[in-house]
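Written out below as structure tokens is the structure these notes cover.
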Amino acid sequence: MILEWIFPRYLWKVPTAEKVIYLTFDDGPIPEVTPWVLEQLAAYHAKATFFCVGDNIRKHPETFQSILDAGHSVGNHTFHHINGWKTPLAQYLEDIEKFDQMYQTPLFRPPYGRIKRSQADALLPARQIVMWSVLTRDYDASYREDSCLNNAIKRTSPGAIVLLHDSLKAWKNMSYVLPRYLKHFSEKGYRFEALP
């Protein structure tokens, strides 16, 4: 992937020959979707990483706690889900630090995947900036459910970091993709792990 070459300091995929997949969920937690995701993961003994929005943690602390109780890992997705390309450095870092006041994690994913070099320089090496190697497009209502699933299956290889969303916007596609994706790769001998 060209972006991996241009931005080598970010984690796009975990280097491994083992049959391991790293599912990630952005934009939660929300009580309408996240508990369902946790049930699907539990059915396959799968672990994942949830890149949470701090304001959603504030609004739904019980849902957030259920992620931790189930043994999944958590990443910082800013407090207000802000676009790095449109946000000055000081404001961007302040929003990330506001999340830190609620939960400490070295994992960070910029909302929309948009982060300026100055922002990345301020975060690295203390944080791991996590991107993805498989974009399901579950958030795109114009994208058909089966297209999301087939695209995800086709692009997955050992060490893949798969981007999904535990949000209402993504529900239609994500709720179709997740159980079928878990079943498909479990039957092929893959396991699902959380990012460390």
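Worth a mention:
- Restricting attention to segment 2-192, close to 5% of DSSP beta bridges with both partner residues there are antiparallel.
- Relative packing of peptides 64-75, 169-180 - highest average C-beta neighbours within 10 Å first: 169-180, 64-75
- In whole percents, the pair-distance distribution calculated for segment 124-196 from its alpha-carbon pairs, binned every 10 Å from zero, is 18, 50, 26, 6.
- Averaging 1/r over each pair of different alpha-carbon atoms in segment 1-66 and inverting the result gives 13.9 Å, the Kirkwood hydrodynamic radius.
- The listed peptides 154-164, 44-54, ordered by packing as a protection proxy, come out as 44-54, 154-164 (highest mean of other Cβ atoms within 10 Å first).
- Mean separation of Cα contacts under 8 Å (6+ apart) over length of the chain, as relative contact order %: 33
- Annotation: peptides 76-85, 30-39, ranked by per-residue average of other Cβ atoms within 10 Å with the highest first, follow the order 76-85, 30-39.
- Estimated Rh, the chain: Kirkwood, alpha-carbon pairs, angstrom: 16.8
Read-outs: derived from the displayed coordinates by stated rules, not from any lab. Bear in mind that the values here come from a model prediction, so they are computed numbers and not experimental data. Glycine gets a Cβ as well: all are built from the backbone with ideal geometry, and neighbour counts include every protein chain shown.
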